[in-house]
Every structure is written in structure tokens, then in C-alpha cells.
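Data first, discussion second: the structure below is written as C-alpha cells.
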Amino acid sequence: MMCMLRFIVSLCLVLIILLVPGRAVAHRPIFAVENSCPSEAIAINDPLISWAIYAELTPGAVDYYTFTAEEQLDFYAQMTIPTLKPETGFAPAFALVGPGLGEAPPDFPGAVFQGHGVEVFLPTQIQRTFFEPFTQTRYWIRQEQRITLGPGDYYLLVYNPEAEGGRYTLAVGEEEAWTWRDLLAFPQLWLRVRWWYNPFQTVAILVGLGIIIGLVIRLLLRLRTQRG
């Protein structure tokens, strides 16, 4: 019941906030597919816009993303992990590969290209939690970084120093930019995020929602019959 109430409240919040010009609501989602080599890197079209990349890292693999800075860029990224038992100890690192960065560490598992350097961001010991109200999902914040980048093409890599696998959400950028098209797609996006987060909870929520809708319809029909 509480999950149903949270979903309804969240949907109302989306509607209200999008009615106010210039206001923001949440990260725009990217659902990662196979991207374990540079040629399969997923493009982040605008690294200033707030994106949330939902992905699952294969044990021992490196996930690749890419973006272009047309001019000097204040880049922001945050690594979060679902607060669920399978991901309790999962703590991936992320790294930038691009012009003007430092030397790659000896144990760096990703590809480094000619004329490019590396900046690695390891998980911290300080652990905070974050609740995302629009999808009713909760995360551990492993690390977040801001760095000023010069113009050029960059790769953003995600890997685990312990070669373990797990699910993660990588947030990139801070400028919210949702549109009415995103609003119309919200139910589908909610379902995809919830299914990625926990399919069993999602099924329970949908079943509960169906029961509530059925009870409301039954009540309305009964009231209509009594009035007739």
C-alpha cells in the first residue's frame, strides 16, 4: 500500500513540477547495453545534462561511455549502487580517459589512447544513501567527483578493482532538461527503472495497483447501482 501511495504521489509531483517553466524533476535515463569495449561505447550526447545510466557490470569487464566537450567543461559524475543485498559489497570505480589528464596507473584495466591521459576515481569509505522519489528506489552513494575538462573527446569507464560484477547507476551532469515527451513516457520509464532495480518488488506493486483499481471500479459500480 505504501508503495502504491508513493507511486501516485511521485506521478503527481512530476505533473506539478513540469507545469512550472524552467523547473527540473529527475535524471534522464540511459539503459546500457553491451558496451565492454571502446568500439561499443555508449554516447552521452550532452555531458552537462543530468543523465542516469542504469547498467550491470560483468565480472572482470570494463564498461565504456563516450562524450565530447566542445569547450571547457565542468564535468560531474556520481556512482550509486542499489541498496539491495546482492550489491552490498559492490564498489566499482570510474575513470576518465582523454586529453590533458594524468598517467594511467600500472593496474588500470581500460584502454588508453594515444595523446590521452587517465583520471581514476575510486570508491570512498564514507557511505551515504540517496532516495530517488520518482521511481521509489534507494541507493548507496559510493563516490562523486567534479573536474574541469578542456575541449576534446573523452571516454568514461566503469570497472571494479576487485573484478566483481554488479548493478550500478552512474549519474552524469547536473542540468535537468525534461520535456513533455518525457512526461508522456514516464510510466514506461518508471517500469523499466523499477524492473531493473527489483523485478519482484515491481510485480508486487503492479499487482497491488491492479487490486486497488479493481476495488475502486467495483465501488463506483455499486454506487451507480444504488443511485439507479
May I ask you to list the residues of the range 107-129 whose amide nitrogen lies under 13 Å from a point 7 Å from Cα along the Cα→beta-carbon direction of Glu144?
127-129
Label point 7 Å beyond Cα of Ala111 along Cβ direction - residues of the range 66-80 with amide nitrogen under 12 Å
66
For the range 34-110, max minus min Cα coordinate along each principal axis, in Å, sorted largest first?
42, 32, 22
Subtracting the Cα-Cα distance of Ala163 and Arg224 from 0.36 nm times their residue separation yields 15.7 nm
With the crude spin-label approximation of a point 7 Å out along Cα→Cβ, what separation in nm comes out for Ile211 versus Trp195?
2.3
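Values quoted throughout were computed directly from the atomic coordinates according to the rules given, and no laboratory measurement underlies them. Bear in mind the structure is a predicted one, so any value in this text is a computation, not a measurement. Glycine also receives a Cβ, built like all others from the backbone with ideal geometry; neighbour counts cover every protein chain displayed.
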